[in-house]
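Peer 1: Before I ask anything, let me first share the structure, which is written out below as structure tokens.
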Amino acid sequence: MQKTIVKVICAIGRSGQLGLHGRLPWEGDKGPAYLADVARFFEITRGHVLVAGPRTIASVPQFASADRELFVLRSNMDPQETLRRFPGRVVFIGGGPPIWSAYARFVSHWDITRLDYDGPADRWFDPNWLLGSASRNEESRPSR
């Protein structure tokens, strides 16, 4: 069976801000950096699988009309079983802290854009996700 490649693409503020009241803290900002980040997200995930919670997928109407396969997560789903549904595919894990905490050990690549946002947030990027990623786990294994 072909290996599933698991990635995350996200943007964070200057202090690691991720979310505010269930949305991106900078949502609605029409500045060029923010618009470019959204366009980049859609370009990079095009043609791949986006696995995310129902609120994330429902929050962006363009997900449904874009060229990507959507898979809606439920809280009782086992991450390993979910990823087995997509052998040989690139799977982007969308969402936020609860989902990334569950899937971090499978992630081989974190694509993080740092935006010039320095306002309030109630969700933050956790650097421990990077330590639990698949690429880090593979690097730390002893060679034989």
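FYI, it's all coordinate maths here, none of it is from the lab. All figures in this text were calculated on a predicted structure; none of them were measured in a lab. Positions of Cβ are backbone-derived with ideal geometry, glycine not excepted, and every protein chain shown enters the neighbour counts.
Peer 1: Report the label-to-label distance for Lys30 and Glu43 in nanometres (one decimal), using points 7 Å from each Cα along the Cα→Cβ vector.
Peer 2: Placing both labels 7 Å along Cα→Cβ, they lie 2.2 nm apart.
Peer 1: Taking the number of other C-beta atoms within 10 Å as the exposure measure, put Arg40, Arg123 in order starting with the fewest.
Peer 2: Least to most surrounded, the residues fall as Arg40, Arg123.
Peer 1: Considering the chain, what Rg and Dmax in Å follow from its alpha-carbon atoms?
Peer 2: Answer for the chain, Rg first and Dmax second: 15.3, 52 Å.
Peer 1: Hey, fewest Cβ within 10 Å first, where do Leu130, Leu50 land in order?
Peer 2: In order of increasing Cβ crowding within 10 Å: Leu130, Leu50.
Peer 1: By the scheme Lys and Arg +1, Asp and Glu -1, what is the net charge of all other residues having a beta-carbon under 12 Å from that of Trp100?
Peer 2: Net of charged neighbours comes to +2.
Peer 1: Now, a different point. Taking the Cα centre of the range 5-140 as the origin, how large is its charge dipole in debye, to the nearest 20, when only Lys and Arg (+1) and Asp and Glu (-1) carry charge on their Cβ atoms?
Peer 2: Computed charge dipole of the range 5-140: roughly 260 debye.
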